[in-house]
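**Student:** One structure, as structure tokens, below. Some questions next.
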Amino acid sequence: MATSRDDFVIAFRSAFLKKKDKQKFSLLTLLFLSILVIILSNYNFKVIQLIKIGINEFTYRASFLISTPENKIQKINSQIKDHLKVYDNYKNLELELEKLKQKKLTNNFLKMENEKLRDLINESINSNEILARVLIDKESPFLRSIILNKGTKDKLKIGMAVVDEVHLVGKVIEVNFTNSRVLLLSDLNSKIPVVLEPIGMQAVVSGTGGTNGKIQYTKEEYSDDINNQEIIAYTSGLGGLFKPGLPVGKISRVNPHEIVFFSDFKQLEYVKIISLNIEDNN
Amino acid sequence: MSSLNKNSLSNIIFSYFPIGMLFLSVFNDFDFNYLKIEYFSFNFAHILIFFWTLKNPDHLGYVSIFLAGIINDVIIGMPIGISSFCYLLICIATAYIRNITLSPNFINDWLSFLFIILLINSILVSILDLIFLIEIDYLKYLINTGFTFLLYPIFFFFFNFINQKISFRLND
């Protein structure tokens with residue numbers, strides 16, 4: 001009995017401390033080092049922040065370069081698929097264009113009306129847009145995020161909204177000198193205050209880790225209010241981080257607590273980062 | 001002379017294969033996610049580290065594994081150091097298995113692999129959820145563990161083939 005216990009201890013000690021010929025450090029040393037890194041990376045000391053930014057900068061750039069062949073193959077694959085569907089797409093787009101032309105007229109009128117109303121309450125919303133390229137969009141099953149090629153040198157800040165054309169895709173959660181990380185709306189940790197139109201109800205859109213999101217914190221009568229209407233979620237602007245009125249997605253007809261995002265997060269190539277300044281002139 | 005050069009080049013390629021694949025997989029986040037199969041994902045790095053540190057640790061240094069973990073955390077967006085910690089736990093387990101095993105057996109290795117990945121994923125999930133308060137999908141981790149376990153035999157035969165090539169060339 002004692003012998004088997006001794007064997008276990010010897011084998012265990014050897015696993016931790018013994019170095020093979022070509023290993024420079026023992027596993028125990030490296031294990032302690034990794035624990036130290038985990039602890040230190042949570043402190044916001046300037047030196048640690050600088051090292052962290054340095055590691056991020058190098059890794060993102062290297063990953064972008066190494067992923068180039070894979071990205072090219074994926075791009076060619078999607079181009080071939082697009083070519084095969086070109087006629088059907090053309091017909092659909094023609095129909096969609098007609099509808100959009102009609103909507104544009106109404107939209108212009110509403111825009112002017114909105115500006116007039118904002119003038120009446122002496123409030124102006126100024127926003128600046130920065131165009132950024134997606135460097136890395138590796139889809140991890142656990143965390144949904146993308147890396148952009150703009151950072152503090154382009155005056156990016158944590159919390160800024162990121163849009164694909166006009167549709168909200170996420171917010172900036174980490175900023176380095178030349179790049180930044182965006183948490184996508186589909187991530188489990190993403191929570192965005194929205195307003196559901198036309199019913200005018202406030203809610204929160206949360207990520208699920210999948211392709212769609214879920215609607216939370218609605219009023220009890222939410223399901224009755226929907227009444228087979230097409231419900232669109234726009235950013236409410238509550239919290240002052242996002243510009244109000246950015247389209248997020250539409251409520252699924254099948255499940256009223258599910259939201260289908262307007263943007264396809266797997267196809268992002270260029271996005272716009274929006275900085276918001278709300279001036280209350282009262 | 002040219003055949004000698006060719007031989008030494010292929011020797012280098014084969015001997016750096018594990019490290020090359022490890023770094024390629026963490027930089028590229030290689031897990032066939034682009035197949036877009038619902039819920040399908042597996043951890044290639046876990047399979048690679050388990051196999052090579054168990055069968056031929058001379059070709060996959062612990063420092064490289066530590067650095068690969070750091071890179072993986074940066075790419076995925078997890079707190080830095082967690083993946084390194086988990087990868088090194090695999091190394092400890094494989095070093096222990098190597099020490100206590102007299103005659104290696106595929107089934108034993110495979111079952112040990114299941115136990116180890118369940119253990120390290122539990123540690124990982126606990127750290128992320130309880131310490132860093134990052135919301136995570138437990139089911140996805142479980143499915144990922146399942147697929148990693150199921151795909152181990154395929155990679156085992158492939159890596160075993162490479163390992164035999166390396167051993168053969170070094171002894172040649």
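Where a number appears in this text, it was derived from the coordinates with a stated rule and is not lab data. All values reported here derive from a predicted model rather than from experimental measurement. Don't worry about glycine lacking a Cβ; one is built from the backbone with ideal geometry, like all the others, and counts go over all protein chains shown.
**Student:** Given 0.36 nm per residue, what is the gain on full extension from A:Tyr87 to A:Asn227 after removing their alpha carbon distance, in nm?
**Tutor:** Between A:Tyr87 and A:Asn227, full extension yields 46.8 nm more.
**Student:** Counting other Cβ atoms within 10 Å of each Cβ, which trypsin sites (Lys or Arg not before Pro) in the stretch A:143-178 have at most 16 and sit in a DSSP loop?
**Tutor:** Taking the stretch A:143-178 and a limit of 16 other Cβ atoms within 10 Å, the loop trypsin sites (Lys or Arg not before Pro) found are A:Lys155, A:Lys157.
**Student:** Oh, and also: Mind putting a number on the dipole of the stretch A:191-267 about its Cα centre? Charges go on the C-beta only, +1 for Lys and Arg and -1 for Asp and Glu, and I need it in Debye to the nearest 20.
**Tutor:** 360
**Student:** Could you pull out every residue, at least 5 positions away or on a different chain, whose amide H is within less than 5 Å of the one on A:Glu174? Hs are placed 1.01 Å off N in the peptide plane, and Pro or chain starts have none.
**Tutor:** Amide H neighbours of A:Glu174: A:Arg181.
**Student:** Tabulate in residue order the Karplus-calculated ³J(HN,Hα) for the stretch B:53-64, using 6.51 cos²θ - 1.76 cosθ + 1.60 with θ = phi - 60°, rounded to whole Hz; enter x for Gly and Pro.
**Tutor:** In residue order, the calculated couplings are 6, 7, 8, 8, x, 5, 9, 9, x, 5, 5, 4 Hz.
**Student:** Now a separate question. Using only atoms on other chains, find how many Cβ atoms lie within 10 Å of each Cβ of peptide B:58-64 and report the average.
**Tutor:** 4
**Student:** When the convex hull of the C-alpha atoms of the stretch B:28-168 is computed, what volume per residue in Å³ does it have?
**Tutor:** It comes to 117 Å³ per residue, whole-number rounded.
**Student:** If each DSSP helix of 4+ residues adds -39,500 (n - 2.57) and the sum is divided by the residues in chain A, what number results at 222 nm, nearest 500 deg cm²/dmol?
**Tutor:** Roughly -13000 deg cm²/dmol at 222 nm, from the helical runs in chain A.
**Student:** Restricting to DSSP loop positions (anything but H, G, I, E, B) with no more than 14 other Cβ atoms inside 10 Å of their own Cβ, which trypsin sites (Lys or Arg not before Pro) remain in the stretch A:25-112?
**Tutor:** Filter output for the stretch A:25-112: A:Lys85.
**Student:** Please compute P(r) over all alpha-carbon pairs of chain A, binned at 5 Å starting from zero, and give each bin as a whole-number percent.
**Tutor:** 1, 5, 9, 11, 13, 13, 13, 10, 7, 5, 4, 3, 2, 2, 1, 1, 0, 0
**Student:** Oh, and also: List the residues whose amide H sits under 5 Å from the amide H of A:Leu188, counting only those 5 or more places along or on another chain, with H placed 1.01 Å from N in the peptide plane.
**Tutor:** A:Arg144, A:Gly209
**Student:** Putting +1 on Lys and Arg Cβ atoms and -1 on Asp and Glu Cβ atoms, find which of A:Leu117, A:Gly151, A:Asn189 reaches farthest to the positive end of the dipole of chain A.
**Tutor:** Of A:Leu117, A:Gly151, A:Asn189, it is A:Gly151.
**Student:** Take the cross-link list A:Lys81/A:Lys153; A:Lys104/A:Lys153; A:Lys81/A:Lys157; A:Lys155/A:Lys266 and give me the ones stretching past 30 Å between alpha-carbons.
**Tutor:** Violating the 30 Å Cα-Cα cut-off are A:Lys81/A:Lys153; A:Lys104/A:Lys153; A:Lys81/A:Lys157.
**Student:** Please return the longest range in chain A lying between exposed loop sites, taking chymotrypsin sites (Phe, Trp or Tyr not before Pro), DSSP loop only, at most 10 other beta-carbon atoms within 10 Å, and leaving the sites out.
**Tutor:** Counting only loop sites that pass the neighbour cut-off, the longest clear stretch is A:46-282.
**Student:** Next up: Show the residues, 5+ positions off or on another chain, whose built amide H is closer than 5 Å to the amide H of A:Val134.
**Tutor:** A:Tyr270, A:Val271
**Student:** What's the longest uninterrupted piece of chain A once you rule out the GluC sites (Glu not before Pro) that are loop residues per DSSP with at most 10 other Cβ within 10 Å?
**Tutor:** Answer - A:1-219.
**Student:** Related question: Using 32 Å as the Cα-Cα cut-off, could you pick out the over-long pairs in A:Lys85/A:Lys150; A:Lys111/A:Lys214; A:Lys52/B:Lys55; A:Lys72/A:Lys99?
**Tutor:** A:Lys85/A:Lys150; A:Lys52/B:Lys55; A:Lys72/A:Lys99
**Student:** Give the span of the stretch A:25-66's Cα atoms along each principal axis, as three whole-Å numbers ordered largest to smallest.
**Tutor:** 33, 26, 12
**Student:** Nearest 20 debye, what's the magnitude of the dipole of the stretch B:30-171 about its Cα centre given +1 on Lys and Arg Cβ and -1 on Asp and Glu Cβ?
**Tutor:** Result for the stretch B:30-171 is approximately 520 debye, rounded to the nearest 20.
**Student:** What number, in percent, do you get for the relative contact order of chain B if the mean sequence gap of Cα pairs under 8 Å and at least 6 apart is divided by its residue count?
**Tutor:** The value is 27 percent.
**Student:** Evaluate the relative contact order of chain A (contact order divided by residue number), counting alpha-carbon pairs under 8 angstrom at least 6 apart; express in whole percent.
**Tutor:** Numbers: 432 pairs, mean separation 46.9, N = 282.
That works out to 17 percent.
**Student:** Let me ask something else about it. If you place +1 on the Cβ of every Lys and Arg, -1 on the Cβ of every Asp and Glu, and leave all else neutral, what size is the dipole of chain A about its Cα centre, to the nearest 20 Debye? Display every interim value, and only then the final one.
**Tutor:** Working: 39 positive and 33 negative charges, 317 e Å.
Dipole about the Cα centre, nearest 20: 1520 debye.
**Student:** Another one. Roughly how crowded by other chains is peptide B:155-163, in terms of the mean Cβ count from those chains within 10 Å of each of its Cβ atoms?
**Tutor:** 0
**Student:** Spelling out what I want: for every residue of the stretch B:97-105, take phi, set θ = phi - 60°, compute 6.51 cos²θ - 1.76 cosθ + 1.60 (Karplus), and round to whole Hz; glycine and proline get x.
**Tutor:** Computed from phi, the couplings for the stretch B:97-105 are 4, 4, 5, 9, 8, 8, 10, x, 9 Hz.
**Student:** Okay, moving on. Quick one: 3J(HN,Hα) in Hz for the stretch A:150-157, Karplus 6.51/-1.76/1.60 with θ = phi - 60°, rounded, Gly and Pro as x.
**Tutor:** Values, residue by residue: 10, x, 4, 5, 9, 6, 7, 10 Hz.
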